[in-house]
1. I need the full set of residues from the range 156-172 which are surrounded by fewer than 19 Cβ atoms within 10 Å (Cβ to Cβ) and in a helix (DSSP H, G or I), in order please.
2. Confirm whether L154 is modelled with pLDDT of 90 or more and closer than 21 Å to F112 by Cβ.
3. In this structure, is L85 without any contact (Cβ under 8 Å) to a residue 40 or more places away in the chain and under 17 Å from the mean Cα position of the chain (by Cα)?
4. Taking the residues in the range 71-88 that are among the β-branched types (V, I, T) and touching a helix residue (DSSP H, G or I) at 6+ places or on another chain (Cβ under 6 Å) as candidates, determine which candidate is surrounded by the fewest Cβ atoms within 10 Å (Cβ to Cβ).
5. Among the residues of the range 58-70, which ones are assigned to a helix (DSSP H, G or I) and either touching a residue at least 40 places away in the same chain (Cβ under 8 Å) or touching a helix residue (DSSP H, G or I) at 6+ places or on another chain (Cβ under 8 Å) (or both)?
6. Identify the residue in the range 14-27 that is surrounded by 10 or more Cβ atoms within 10 Å (Cβ to Cβ) and among the aliphatic types (A, V, I, L, M) and, among all such residues, is farthest from V263 (Cα to Cα).
7. If the requirement is being in a helix (DSSP H, G or I), among the charged types (D, E, K, R) and farther than 22 Å from A233 by Cβ, which of these qualifies: E44, E55?
Amino acid sequence: MAEAPPARSRALPVVSHLFLIGWALLTTLPLLWAVLSSFKSDNEILTSPWSLPSEMRWANWARAWNEAHIGRYFLNSAIVVTGALTLTMLFGAMAAYVLARYRFRGSRIVYFAFVGGMMFPVFLALVPLFFVVRDLGLLGTLPGLTLVYAAYSLPFTVFFLTSFFRTLPTAVAEAAMVDGCGHFGLFFRVMLPMARPGLVSVAVFNFLFQWNQYVLPLVLMQGAGAERRWVLAQGLTALAVNEGYRGDFSGLFAGMTIAMLPVITAYLIFHRQFQSGLAAGQLR
């Protein structure tokens, strides 16, 4: 007859599950509260913050989208992040593939240069970055912000994907080369589809970083008429500050919810690939 497991081993799964449930509630409840508050009136938010809204006030969303110009800021963020994410994933994947699959003189130096870029705080580069972007004539423009986002996302992308490409089977690449596939065809037609879980994982991380970025646009979106090219983080901050004592809290929560929707949607769509990519891309 098998012996019963000790009480200590039985209690460990219970404690771990309780911890995970508590962590899930800690991260989910603030998001849910913000969404529910976006449908309340200002009086309901102040007098009964934990109750459900008495009715679904979609007018809060319309007011935030039109009067607070959240729609304009949302479009600017979408343009910048789409361009930056495309550049980051394209050039990051190409650089990571070369560093992972080819051996050449100086490859380790290049790799550690990318790794060193992850350790360089963005705050130390703000002043020289401002002058570089200004001298290029890109200050206060969406293309300039797009290039800066892509540049700051490349180190992490190369670091993550280099480890992932090293886990892919070499036999498949050798078979494709034997069948007459060139280096570019091997990368775009064979290796990229195989690396899809890792690409999705790092794309989600980069999307979160770029969509929620505040410091870089605050510094770089300067000049005449730059307000029309603000991104969502700047627009929400301006909405909160400019209201002063008037306190359009319902409009502010509606704007926050609009800003959160793309991030939540992206994770819900790609969460399986995201999790499998993290598991497959672990460093060995």
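1. If the condition is that a residue be surrounded by fewer than 19 Cβ atoms within 10 Å (Cβ to Cβ) and in a helix (DSSP H, G or I), then S163, R166, T167, T170, A171, V172 are the ones that fit.
2. yes
3. no
4. I79
5. Passing the criteria: N60, W61, R63, A64, W65, I70.
6. The qualifying residue farthest from V263 (Cα to Cα) is L18.
7. Exactly one residue qualifies, and that residue is E44.
Yes/no matrix, rows are residues, columns are (1) within 16 Å of A84 (Cβ to Cβ); (2) out of contact with any helix residue (DSSP H, G or I) (no Cβ under 9 Å at 6 or more places or on another chain); (3) without any contact (Cβ under 8 Å) to a residue 60 or more places away in the chain; (4) not β-branched (V, I, T):
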site	(1), (2), (3), (4)
V200	no, no, no, no
Q210	yes, no, no, yes
Y214	yes, no, yes, yes
E227	no, no, yes, yes
L232	yes, no, no, yes
T237	no, no, yes, no
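The values are calculated or read from the model by the stated rules, or taken from the named source; none is laboratory data. Keep in mind the model is a prediction, meaning the values are calculated, not measured. Because the Cβ atoms are built from the backbone with ideal geometry, glycine has one as well, and the counts that use them run over all protein chains shown.
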